[in-house]
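For reference, the structure discussed in these notes is given below.
Derivation of every value follows stated rules applied to the coordinates shown; laboratory data play no part. Note that this is a predicted model, so its numbers are computed, not measured. Cβ atoms come from the backbone with ideal geometry, glycine included; neighbour counts cover every protein chain shown.
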Amino acid sequence: MEDCIFCKIVKGEIPSKRIYEDDQILVFMNINPSTNGHLLVIPKEHSITFLDTSNEIITHSLDIVREKIYPLLKERLHCSGLTIAQNNELGQEIKHYHIHLTPRYEDDGLDISYDKEKIIDLDTIYEKLTK
Ligand code: 5GP
Ligand code: ZN
């Protein structure tokens, strides 16, 4: 897609540090990492969110993370864990589907904070989701 930064990265029009690629997906380094080794997994074909990305792509992406990327991060960077995250619409800066792979280290200070004041009680949310 024209004017999409990640499509340009796929095509090599914008440089990136590529870690893995095949005919369906590309894994490359996040230019602004949250921790050492923060990677992004993207489909080569443009899609936007989880909802318009095929099961095949998502399954393949996670297979590659399980088989190749997480083991690589453990072996080479000695991470103690891996956070797998994916923003859709709100919170999604780049409108090309991507999965964040954030290696975790003891005392890395990575903090996903929530405003507890805004949390509505469990029963209310449960009713909205099921009734
Ligand atoms: P989002 O907020 O959309 O879930 O995450 C987008 C991510 O893409 C951000 O973490 C940001 O650092 C990364 N990013 C944005 N532009 C570029 C770029 O040109 N190259 C690379 N390698 N990463 C980028
Ligand atoms: Zn794109």
Counting just the Cα atoms, what span does the chain cover along each of its three principal axes? Round to the nearest Å and put the largest first. 48, 37, 25
Looking at the P(r) of region 61-105, how many percent of alpha-carbon pairs lie beyond 14 Å? 52 percent
Reachable aspartates and glutamates from Lys131, Cα under 16 Å, same-chain residues fewer than 8 places away excluded? Asp121, Asp123
Relative contact order [Cα under 8 Å, 6+ residues apart], the chain, whole percent: 25 percent
What GluC sites (Glu not before Pro) does region 24-131 have in DSSP loop regions with at most 10 other beta carbons within 10 Å? Glu89, Glu93, Glu106
